[in-house]
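The values are calculated or read from the model by the stated rules, or taken from the named source; none is laboratory data. Just so you know, these numbers come straight off a predicted model, no measurement behind them. All Cβ positions, glycine included, derive from the backbone under ideal geometry; neighbour counts span all protein chains shown.
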Amino acid sequence: MAHLSAENRQKAEAVVAVYPQPRSALIPLCHLAQAQDGYLTEEAMEDIARLCDVSPAEVRGTASFYDMLHTEPVGRYVVAVCTNIACMLAGAYEVLGHAKQRLGIHVGQTTPDGLFTLEEAECLAGCDQAVCVQVNHRFFGPLDEEAFDRLVDDLAAGRLEDTVPRHGVLSRVSRAVGLPAATPVAATISNEPQAAGTPPPGEKEVAPEPPAAAGAGEGE
Amino acid sequence: MLTDAPRIVTARLEHPDSHTLERYLATGGYEGLRKALTMTPEAVHEEVNAASLLGRGGAGFPAGRKWSMLREAPTTYLVVNGDESEPATFKDHLLIERDPHQIVEGTIIAAYAIGAAQAFIFCRGEFALGLERLTQAVNEAYEHGALGRSIFGSEFSLDLVVHPGAGAYICGEETALLESLEGKRGFPRIKPPYFPAAIGLYGEPTVVNNVETMSNLPWIILHGGAAFAALGQGSSTGTRLFALSGHVERPGWYELEMSTTTFRDLIYDERLGGGVRLGRELKAFIPGGVSAPWFFPEHLDMGLDQDAVGKAGSMLGSGSVVVMDETTCAVRAAWRITRFFHRESCGQCTPCREGAGWVDKVIRRIEDGLGREEDLDLLLDACDNIAPGLTWPPKQTTICVLGPSIPSSIVSSIHRFRDEFLLHVKEGGCPMPPDEVRHG
């Protein structure tokens, strides 16, 4: 039983097609499944496994490594307060403490109405806007306690629907398939007919040749 | 001193629509690529060598030399590292959101020079807007004829894929990034081979270059490598994008000529950082991301120069400078950085996985007032097990450099502020409560 919708399955196949090996589509497809369901369901992971030609355990194994992939339900809005060095110096722990009180939950929990999940984030690369907060990976900052309250009010009232889609929706722009001449021209490209626009440059031998002379040493 | 060096990677950012194809084309966009396609790939490579462009990701390895190390093979790949996650670094985030076409153009130029079969831009997953803008830019580049078959009528063809990450600091390490791009956990690969140029994506020779490195290429091709190398001094050529944060009046990004500009300029010049906030004294600053040992007021007149900073016992790293004023608790700052490494250790190597956990706990108990005097030596001893000798650059007991980055902040803070650590022990708590730090 396929879990991904027909439309998403089509999108998924287009994603798989741009990679030389289907397994590379694993993480993009996890994002696609989260966009559909808000988190990664068992059924979605089974679909992804089939599409990427790996076992469902491998999908879960990869997904469980990454902070952005949730294998349990989360709120419509995942609110992540950065507390790393630049934000800490600007009072991030005080904002986080306030956030816990305001939402009535601890870090990692979801409000009973399913609206908010609170996370403590590592550096989000928004250090010139410290204290920096992400909601579903959209940036807000600099925030103090009052600005945090206004943000939560706006989200709860649905005033930010346009800028903050529900959790799981990452990029709202897709690679346009069927572009003219999107075919990657690799030395090994096959001449077989391929799906319009986005064929992979043929299967590669995974077994590497013996390495050439080793490099001079990492990261001088 | 501040120079009148041109802005190379941020020239377009004064325009609010800097991310659009229209603005890009109106400001010389894709002219570098057009010129590159009239040259041989070897000549393009030679311009980059002449520029002495150092990689802008953190390790500072010369980009041209990285390309030279590619193993001969029928299929090679180019992967652009946009997984910016080093704490306090936000320059790639800026370039991805505000000038995605510049990255795309640089990527195509690099792919042409090395003969890549396909290129990937690995964009940090948390950059939702960045992913949208990059994807849009790639779509537009195809329509414009800058990607796909027979680029601008030449014999060169290329496919470029924007690949989203999913949240893991370690994927900034180039071999972990390739594992992630293959759909796996971000586990750094065992070295040797030291460079993916020998064995990279799918086992094929692969060049991994940073987003800012790519962003410099259109300018270098248009103006020549010599013009780039004329800026800066010694091996630190060109301009570099610095991210300034912490206790300064004007945190933000500043593109500055390397070497000739000093840390004092960056932090205190009215046109740049504008000084320590509220006129306070500088206590310490981190010169290049939290993996770097700390610097102090006596280092302010040093140039933003990779070699000079390295010789002084730290690194210019990812180009991010964090300023801490006199009210900052050194224990708390060192603990927060340590906790980051503990959280982000991938878990493969014992010294990193277990070591980070132990030093996190010990330094935390000092901050919480439960520490003992001997904890200071215990911390240094644990750090010595992670990076033996506590030298700089650090010795390595782990597969990648995350482990040896753990001691930097701990050793810096204990060596410089030992009395402050001891005061925490003596007083049974932090003598500098955060609320006072914040509100003064």
**Prompt:** Is there a residue being in a strand (DSSP E or B) and either outside the structural domain of B:Leu54 (by TED's automatic domain parsing) or free of Cβ contacts under 8 Å to residues at least 12 places away in the same chain (or both) anywhere in segment B:309-319?
**Reply:** no
**Search result, residues across segment B:31-84 that are part of a loop (DSSP other than H, G, I, E, B), away from every other protein chain (no Cβ under 14 Å) and over 30 Å from B:Val321 (Cβ atoms)** = B:Met39, B:Thr40
**Prompt:** Does B:Val211 count as β-branched (Val, Ile, Thr), surrounded by fewer than 24 Cβ atoms within 10 Å (Cβ to Cβ) and farther than 19 Å from B:Leu70 by Cβ?
**Reply:** no
**Request:** Please identify the pairs in which a residue from segment A:29-41 that is on the phi < 0 side of the Ramachandran plot has its Cβ atom under 8 Å from the Cβ atom of a residue that is among the β-branched types (Val, Ile, Thr) and in a helix (DSSP H, G or I), counting only partners at least 6 apart or on another chain.
**Result:** A:Leu29/A:Val15; A:Leu29/A:Val16; A:Leu29/A:Ile48; A:Cys30/A:Ile48; A:Cys30/A:Val59; A:Cys30/A:Thr62; A:Leu32/A:Val15; A:Ala33/A:Ile48
**Message:** Within segment A:67-80, does at least one residue satisfy the condition of being within 13 Å of chain B (Cβ to nearest Cβ) and within 20 Å of A:Val15 (Cα to Cα)?
**Reply:** yes
**Item:** Wholly within segment B:350-440, helices (runs of 4 or more DSSP H) carrying at least 1 residues that are under 27 Å from B:Pro192 (Cα atoms) and of a type in the set (Val, Ile, Thr)
**Value:** B:350-367, B:375-386
**Prompt:** Does at least one position in segment B:219-233 carry a residue that is modelled with pLDDT of 95 or more and within 12 Å of chain A (Cβ to nearest Cβ)?
**Reply:** no
**Item:** Hits in segment B:162-188 (condition: closer than 21 Å to A:Gly168 by Cβ, more than 19 Å from the chain's Cα centre (by Cα) and aliphatic (A, V, I, L, M))
**Value:** B:Val162
**Asked** In segment A:1-56, which residue that is within 14 Å of chain B (Cβ to nearest Cβ) and among the β-branched types (Val, Ile, Thr) is surrounded by the fewest Cβ atoms within 10 Å (Cβ to Cβ)?
**Response** A:Val54
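Every residue, every condition in (1) among the polar types (S, T, N, Q); (2) outside the structural domain of B:His342 (by TED's automatic domain parsing); (3) within 20 Å of B:Trp67 (Cβ to Cβ), yes or no:
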residue	(1), (2), (3)
B:Ala146	no, yes, no
B:Gly153	no, yes, no
B:Val162	no, yes, no
B:Gly167	no, yes, no
B:Ile170	no, yes, no
B:Ala176	no, yes, no
B:Ser180	yes, yes, no
B:Arg185	no, yes, no
B:Ala198	no, yes, yes
**Prompt:** Is there a residue in segment B:52-62 that is more than 30 Å from A:Met68 (Cβ to Cβ), surrounded by fewer than 19 Cβ atoms within 10 Å (Cβ to Cβ) and over 25 Å from the mean Cα position of the chain (by Cα)?
**Reply:** no
**Message:** Tell me yes or no: at least one residue of segment A:190-200 is surrounded by 21 or more Cβ atoms within 10 Å (Cβ to Cβ), out of contact with any Lys or Arg (no Cβ under 6 Å at 6 or more places or on another chain), modelled with pLDDT under 95 and more than 7 Å from every other protein chain (Cβ to nearest Cβ).
**Reply:** yes
**Message:** Only one of B:Glu47, B:Glu31 is within 25 Å of the chain's Cα centre (by Cα) and charged (D, E, K, R). Can you tell me which?
**Reply:** B:Glu47
**Message:** Regarding segment A:91-102, can at least one residue be identified that is at pLDDT 95 or above, surrounded by fewer than 19 Cβ atoms within 10 Å (Cβ to Cβ), among the basic types (Lys, Arg) and farther than 22 Å from A:Val164 by Cα?
**Reply:** no
**Asked** Of the residues B:Glu367, B:Glu344, B:Glu326, B:Glu373, which single one is within 13 Å of chain A (Cβ to nearest Cβ), in contact (Cβ under 8 Å) with a residue 24 or more places away in the chain, surrounded by fewer than 16 Cβ atoms within 10 Å (Cβ to Cβ) and of a type in the set (Asp, Glu)?
**Response** B:Glu326
**Asked** Out of all the residues in segment B:416-427, is one or more outside the structural domain of B:Val290 (by TED's automatic domain parsing), of a type in the set (D, E, K, R) and closer than 30 Å to A:Asp144 by Cα?
**Response** yes
**Complete:** Listed by first then second residue, the pairs whose first member lies in segment A:91-103 and is at the interface with chain B (Cβ under 9 Å from one of its Cβ atoms) and over 11 Å from A:Glu120 (Cβ atoms), whose partner is assigned to a helix (DSSP H, G or I) and not acidic (Asp, Glu), with beta carbons under 9 Å and at least 6 positions apart or on separate chains, are A:Gly91/B:Pro434; A:Gly91/B:Val437; A:Gly91/B:Arg438; A:Gly91/B:His439; A:Glu94/B:Pro434; A:Glu94/B:Arg438
**Message:** Which of the numbered conditions does B:Glu97 fail, given that it passes all the others? Conditions: (1) modelled with pLDDT of 95 or more; (2) crowded, with 24+ Cβ neighbours inside 10 Å.
**Reply:** (2)
**Message:** Given the options A:Asp149, A:Asp153, A:Asp162, name the one that is exposed (fewer than 15 other Cβ atoms within 10 Å of the Cβ), more than 10 Å from every other protein chain (Cβ to nearest Cβ) and in a loop (DSSP other than H, G, I, E, B).
**Reply:** A:Asp162
**Message:** Going by what's in this entry, would A:Arg60 be described as assigned to a helix (DSSP H, G or I) and within 13 Å of chain B (Cβ to nearest Cβ)?
**Reply:** yes
**Prompt:** Taking segment B:132-189, which residues are in contact (Cβ under 8 Å) with a residue 60 or more places away in the chain, assigned to a loop (DSSP other than H, G, I, E, B) and not acidic (Asp, Glu)?
**Reply:** B:Ala146, B:Ser154, B:Phe156, B:Gly165, B:Ala168, B:Arg185, B:Gly186, B:Phe187, B:Pro188, B:Arg189
**Request:** May I ask you to say which residue of B:Gly273, B:Gly289 is crowded, with 24+ Cβ neighbours inside 10 Å, on the phi > 0 side of the Ramachandran plot and either in contact with a Ser or Thr (Cβ under 6 Å, 6 or more places away or on another chain) or not in a helix (DSSP H, G or I) (or both)?
**Result:** B:Gly289
**Message:** Among the residues of segment A:74-83, are any part of a helix (DSSP H, G or I) and either under 26 Å from A:Ala176 (Cβ atoms) or in contact (Cβ under 8 Å) with a residue 12 or more places away in the chain (or both)?
**Reply:** no
**Message:** Can you pull out every residue in segment B:101-117 that is within 11 Å of chain A (Cβ to nearest Cβ) and buried (at least 24 other Cβ atoms within 10 Å of the Cβ)?
**Reply:** B:Ala111, B:Ala116, B:Ala117
**Prompt:** If we scan segment B:296-316, do we find a residue that is closer than 22 Å to A:Ala90 by Cα, away from chain A (no Cβ under 14 Å) and of a type outside the set (Val, Ile, Thr)?
**Reply:** yes
**Asked** Which residues, counting only those in segment B:287-327, are among the hydroxyl-bearing types (Ser, Thr, Tyr) and under 20 Å from B:Leu241 (Cα atoms)?
**Response** B:Ser291, B:Ser314, B:Ser318, B:Ser320
**Failed condition for B:Arg185, given (1) modelled with pLDDT under 95; (2) closer than 24 Å to B:Ala59 by Cβ** = (1)
